[in-house]
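In what follows, a single structure is set out as structure tokens and then discussed.
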Amino acid sequence: MDGGDPVAVHREVAAAVSRARGGEGPTLVESRIYRLSAHGNIIAPPGVPLHFPEHEAVEVFGAPEEYEAAKRRDPVPRMRGFLVSHGTLTPAEADQIADAARAEMADAVEFALRSPFPDPEAATDFVYAD
């Protein structure tokens with residue numbers, strides 16, 4: 001399934017949930033998506049980019065067309081376009097939601113940067129293994 005299509009993902013997962021709740025057992029849902037940023041991205045201090053300048057498809061494999069094609073299939077702008085084209089949101093409302101999400105993320109990063117580091121002994125808190 002196209003993991004970059006939020007509507008298709010919702011439809012398939014909802015059907016799987018319905019089957020499970022109906023007693024028909026589990027379903028394996030394979031949702032294929034292209035990773036648009038490097039696997040090892042980290043939270044960085046303000047002013048430091050969170051993404052590498054080049055995606056590994058470009059830097060390692062020399063395939064800029066592959067990366068550009070994947071960017072066009074990014075699920076976030078695709079969902080925005082779907083909601084706007086179906087009249088669920090106006091472009092201004094969609095922009096407000098995006099701005100609010102960016103502000104919330106920035107606040108969370110600032111909170112984390114201001115917070116003290118946890119005690120090393122807490123590293124295994126709430127970690128359980130059989």
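The numbers here are math on the coordinates, done by the rules we state, and not lab data. As the structure is a prediction and not an experimental result, all values here were calculated from the model. Cβ placement follows ideal geometry from the backbone for every residue including glycine, while neighbour counts extend to all protein chains displayed.
Excluding Arg19 itself, calculate the net charge of residues whose Cβ lies under 15 Å from the Cβ of Arg19, where each Lys or Arg counts +1 and each Asp or Glu counts -1.
Charge balance in the 15 Å sphere: 0.
For Ile33 and Arg102 in one chain, what is 0.36 nm times their gap in residues minus the Cα-Cα distance, to one decimal in nm?
Taking Ile33 through Arg102 to full extension adds about 22.6 nm, to one decimal.
Using 0.36 nm per residue of separation minus the Cα-Cα distance, give me the extension gain between Arg72 and Glu93 in nm, one decimal.
Difference between extended and current length: 5.4 nm.
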